[in-house]
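Engineer: This is the structure I have questions about; it appears just below.
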């Protein structure tokens, strides 16, 4: 496999052919914010937090889906990008009902971490404050749609890693919701194996252990990559 | 000519309020209203939440007494799970509630009412605050702040943070308190006990100086309601409800707090967001009752600890017998409760059961409707929930201590205005005393309306025709 040499934030980086800018940056110790990306799952480029500037391209490109190329010049943290990222996170907050103070995932939430890291001190947009449902019909897990950012990590973990595809997305735009089976309450979704991978994949408090109280959620998103890597070793 | 006096906002209370004083044709005080101007909506927006989240959500009702809501809510959760929680969890919850009574009462006495009591009701308002107190009595102010710190730090050690710990959960508590930390808190008890005894002796010395205030700051017959232990001693967590009249006659006893609706009903008035609970058998507004430190000390046979019992006996003697019906004595009762709470904290810190690591019972939804309760610093608190079969909240009713004192607070404002109003002009002396009279109840309005706006004082004087005669704001 041919090595590619590119520049990320002024640093010369060597990457494998076919690698994404995100992977190359991480290997070089450069952090690009992500939300819908999860190690072990396919990329969907949905959240747009990993957008980067490429010399010669007027468009911003998602680092997770853009392969490295020889001589590429990438900028990951310009003022323009930082402003875009802040706006994206603010819009996520404005779209549903995220209340960190009383959230089961407070302290263990990627959206909260992103907001803190990107300097989101307030939200400039009107909150949509939709009336979302909470489904705790499953004996072990619950989903609170107020806290869902539609990253589809649960959908991909269920489909690609557990091989079940209990989760999917229904509806469009602000009416889109993740659903279980053919939009039945989770407790009635017969395909669900109760494996809990969606819980580990969820970046926010949307999917939680039933019975969790505030700021109590414990989970390990790294478990997905671990399962995937272990299978590659064995099979 | 008739008139209304408006005090808006009322200062050094927890929340936002204004006061209107209505005069009749002869210029005498006809009525007074203590308007609570906040609206919060917890009973509505908690609908749809899993009940496991309710302790931490309802704790956000208040930054002063989050522990009361936390415990009442967790207890409602215990009842939904239909479990007996581990003994150590009960003891730890009791410990946290006592720590909260200490810190909240210390805040009321030293930070909020201390400036009135220790600097005088007619002292310059610019200096009649905690900073004025620090300048005038640095040692006392420091000791008072340290007393509050003791309670707050004990809460922090138990729950991970001083304000809004999410520590008590349906089924028990999340974490215990190790022996070394318990010993460290026990070692601090002599200092905080001395602070409380010093404050008590100062307050006793003031009683004769403030005889006029004692006689007019809510000195009237009313019922009293609160928890008492099975043996009739002071209680703050378990026990049953007792209601007495102003002569000490027992009207209701042994009532399970789950059956609160048998004895408590709520009225509402268009001029305040704060509801008016009353003793159901006596109707509205005749069923006026008081809750909180004075009520608890009126209801109990004894406190159950030596130092507090000696002080309780003396308080009853100084007040001219039990029950004590003058609300000025709320301050006194608060200090006696701090003392007793410190004694009980000492007992609990030495309890061997606290070494247990079994702290939380697990169960599913076994009961669809439940009531949780606790004695908050300001009085008895009820959380009443109904859940769907999965545990999502369908109905919430919160009955808050300050609400239960609402009728008595209105009556107190009228009594003080009648005593201190000269003509149809508001003066500082009246303003100060009306505010101080309200402060005797240590009202927590953010709690009681389950707060928006800026804190200050607004009093209006209104004539019989509704004309605004005079208005003072600061």
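The values are calculated or read from the model by the stated rules, or taken from the named source; none is laboratory data. Just so it is clear, the structure is predicted and the values come from calculations on it, not from any experiment. As a convention, Cβ positions derive from the backbone with ideal geometry for all residues, glycine included, and neighbour counts pool all protein chains shown.
Engineer: Only residues that are crowded, with 22+ Cβ neighbours inside 10 Å and either in a helix (DSSP H, G or I) or on the phi > 0 side of the Ramachandran plot (or both): list them for segment A:18-39, please.
Structural biologist: A:21, A:22, A:24, A:25 - these are the residues of segment A:18-39 that are crowded, with 22+ Cβ neighbours inside 10 Å and either in a helix (DSSP H, G or I) or on the phi > 0 side of the Ramachandran plot (or both).
Engineer: Here's a follow-up. Name the strands (runs of 3 or more DSSP E) wholly within segment A:133-222 that hold at least 2 residues that are surrounded by 22 or more Cβ atoms within 10 Å (Cβ to Cβ) and more than 13 Å from every other protein chain (Cβ to nearest Cβ)? Break it down into steps so the answer makes sense when it comes.
Structural biologist: Numbers: elements: A:141-144, A:167-170, A:177-180, A:207-209.
Strands (runs of 3 or more DSSP E) meeting the threshold: A:177-180.
Engineer: I'd like to verify a number: residues in segment B:35-45 that are crowded, with 22+ Cβ neighbours inside 10 Å and modelled with pLDDT of 80 or more, how many?
Structural biologist: Selection size over segment B:35-45: 0.
Engineer: What number of residues within segment B:52-74 are more than 9 Å from every other protein chain (Cβ to nearest Cβ) and surrounded by fewer than 24 Cβ atoms within 10 Å (Cβ to Cβ)?
Structural biologist: Of the residues in that region, 2 qualify.
Engineer: From B:313, B:299, grab the single residue that is surrounded by 24 or more Cβ atoms within 10 Å (Cβ to Cβ) and either in contact with a strand residue (DSSP E or B) (Cβ under 7 Å, 6 or more places away or on another chain) or closer than 18 Å to residue B:199 by Cα (or both). Even if it seems obvious, please write down each step before you answer.
Structural biologist: Details: B:313 fails: surrounded by 24 or more Cβ atoms within 10 Å (Cβ to Cβ).
From the options B:313, B:299, the qualifying one is B:299.
Engineer: I would also like to ask the following. Quick test of your reading of the structure: residue B:159 fulfils all but one of (1) more than 29 Å from residue B:436 (Cα to Cα); (2) touching a strand residue (DSSP E or B) at 6+ places or on another chain (Cβ under 7 Å). Name the failing condition by number.
Structural biologist: Answer for residue B:159: the failing condition is (2).
Let's see how each residue does on (1) more than 20 Å from residue A:35 (Cα to Cα); (2) out of contact with any helix residue (DSSP H, G or I) (no Cβ under 8 Å at 6 or more places or on another chain); (3) modelled with pLDDT of 95 or more:
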site	(1), (2), (3)
A:72	yes, no, yes
A:79	no, yes, yes
A:83	no, yes, yes
A:90	no, yes, yes
A:120	no, no, yes
A:138	yes, no, yes
A:145	no, yes, yes
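Engineer: Report, by residue number, each residue of segment B:384-430 that is within 14 Å of chain A (Cβ to nearest Cβ) and at positive phi.
Structural biologist: Hit for segment B:384-430 is B:391, nothing else.
Engineer: Scanning for something away from chain B (no Cβ under 14 Å) and surrounded by 17 or more Cβ atoms within 10 Å (Cβ to Cβ), does segment A:75-83 turn up at least one residue? Outline the logic, then answer.
Structural biologist: Let us first name the residues in segment A:75-83 that are away from chain B (no Cβ under 14 Å), namely A:75-83.
Remaining after also requiring surrounded by 17 or more Cβ atoms within 10 Å (Cβ to Cβ): A:76, A:81.
There is at least one residue in segment A:75-83 that is away from chain B (no Cβ under 14 Å) and surrounded by 17 or more Cβ atoms within 10 Å (Cβ to Cβ).
Engineer: Of the residues B:142, B:49, which single one is farther than 23 Å from residue B:177 by Cα, at pLDDT 95 or above and surrounded by fewer than 18 Cβ atoms within 10 Å (Cβ to Cβ)?
Structural biologist: Working: B:49 fails: surrounded by fewer than 18 Cβ atoms within 10 Å (Cβ to Cβ).
The unique qualifying residue is B:142.
Engineer: Whether any residue in segment A:89-96 is exposed (fewer than 15 other Cβ atoms within 10 Å of the Cβ) and in a loop (DSSP other than H, G, I, E, B) is what I want to check.
Structural biologist: No, segment A:89-96 contains no residue that is exposed (fewer than 15 other Cβ atoms within 10 Å of the Cβ) and in a loop (DSSP other than H, G, I, E, B).
Engineer: Now for a different question. Any residue in segment B:149-171 that is away from chain A (no Cβ under 14 Å) and part of a loop (DSSP other than H, G, I, E, B) sitting within a Cβ distance under 9 Å of a residue that is surrounded by 23 or more Cβ atoms within 10 Å (Cβ to Cβ) and modelled with pLDDT of 95 or more? List the pairs, counting only those 6 or more apart or interchain.
Structural biologist: Short answer, once both residue conditions are applied: B:162/B:103; B:162/B:155.
Engineer: Check off (1) in contact with a strand residue (DSSP E or B) (Cβ under 6 Å, 6 or more places away or on another chain); (2) assigned to a loop (DSSP other than H, G, I, E, B); (3) at positive phi for residue B:248 and give me the number that stays unchecked.
Structural biologist: Here residue B:248 clears every test but (1).
Engineer: Does residue B:134 satisfy the condition of being buried (at least 24 other Cβ atoms within 10 Å of the Cβ), over 24 Å from the mean Cα position of the chain (by Cα) and in the same structural domain as residue B:179 (by TED's automatic domain parsing)? If you could, list the steps in order and put the result at the bottom.
Structural biologist: On the way: buried (at least 24 other Cβ atoms within 10 Å of the Cβ): no; over 24 Å from the mean Cα position of the chain (by Cα): yes; in the same structural domain as residue B:179 (by TED's automatic domain parsing): yes.
It is false that residue B:134 is buried (at least 24 other Cβ atoms within 10 Å of the Cβ), over 24 Å from the mean Cα position of the chain (by Cα) and in the same structural domain as residue B:179 (by TED's automatic domain parsing).
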